Structure formats: C-alpha cells, structure tokens
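Report on one structure; see the data block that follows.
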Amino acid sequence: MYEVLKGILVDDLQMREEDVVPTAGREEVGLDSLTAVELADLLHNRLGIEIHDYELMDAATVADVARLVEERLPRAEVEAAKGHP
C-alpha cells in the first residue's frame with residue numbers, strides 16, 4: 001500500500017520522490033492541511049475510501065498514512081494494490 005500512496009504523493013501532489021520514505025514525517029514531505037484535503041479527495045476518488053483530512057494530519061509519518069489507507073480498504077483491494085491475486 002505504501003507504493004500506491006507514494007505514487008499519489010509524487011505524481012499527483014508533486015512531492016519530491018526522494019523525500020517520500022516511510023519514516024518521513026508529514027512536514028518533511030510537505031503534507032500540510034491543504035495538501036491533506038487534496039490527498040483525502042484523491043484517496044476517495046482513486047480507491048473509494050473515506051479518510052478525513054484531520055485523520056491524515058494526525059498521522060506522524062508516511063508509513064502511518066499508508067497504514068490508515070490499508071485499514072480502510074476492503075481486503076481484496078489491498079491484495080490487488082499489492083499485486084497479489
């Protein structure tokens with residue numbers, strides 16, 4: 001799920017790829033309140049999940065955001081996103 005999130009952060013939100021690592025904090029990658037709103041919208045449109053911007057702002061690291069996304073996805077979609085049958 002991390003790779004899917006990284007793709008959205010880099011490709012859609014124009015974050016620097018080298019900054020988007022699992023241990024990076026929100027501030028390090030540029031995930032401010034406005035970007036959190038945009039990310040929540042992208043996650044809803046792409047993956048069909050509901051995550052609020054305030055939940056994204058509560059996540060300390062990129063890995064925490066990825067875990068939150070994975071928790072919200074139905075199990076079959078998680079496996080498909082990871083490339084498993």
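Taking amide H atoms as placed 1.01 Å from N in the peptide plane, the amide H of residue 24 lies under 5 Å from those of 62, 63, each 5 or more residues away in sequence or on another chain. Under a Gaussian network description of the chain, with springs only between Cα atoms under 10 Å, the residue in 26, 72, 46 that fluctuates furthest is 46.
Where (i) 80; (ii) 262; (iii) 106 are the candidate values, the label of the one calculated here for volume of the Cα convex hull per residue in Å³ is (i). Cβ-to-Cβ counts within 10 Å put 35, 23, 61 in ascending order as 23, 61, 35, the fewest first. Computed from backbone phi with θ = phi - 60° and the Karplus coefficients 6.51, -1.76 and 1.60, the 3J(HN,Hα) list for the range 61-74 is 10, 4, 4, 5, 5, 4, 5, 4, 4, 4, 5, 7, 6, x Hz; x is used for glycine and proline. Phi-derived couplings, Karplus 6.51 cos²θ - 1.76 cosθ + 1.60 at θ = phi - 60°, listed residue by residue for the range 39-50: 5, 4, 5, 4, 5, 5, 5, 7, 10, x, 10, 9 Hz, with x used for Gly and Pro.
Computed from the coordinates by the stated procedures, all read-outs in this text should not be read as laboratory data. Quick caveat: nothing in here was measured; it's all calculated off a predicted structure. With ideal geometry, Cβ positions are generated from the backbone for all residues, glycine too; neighbour counts draw on all protein chains shown.
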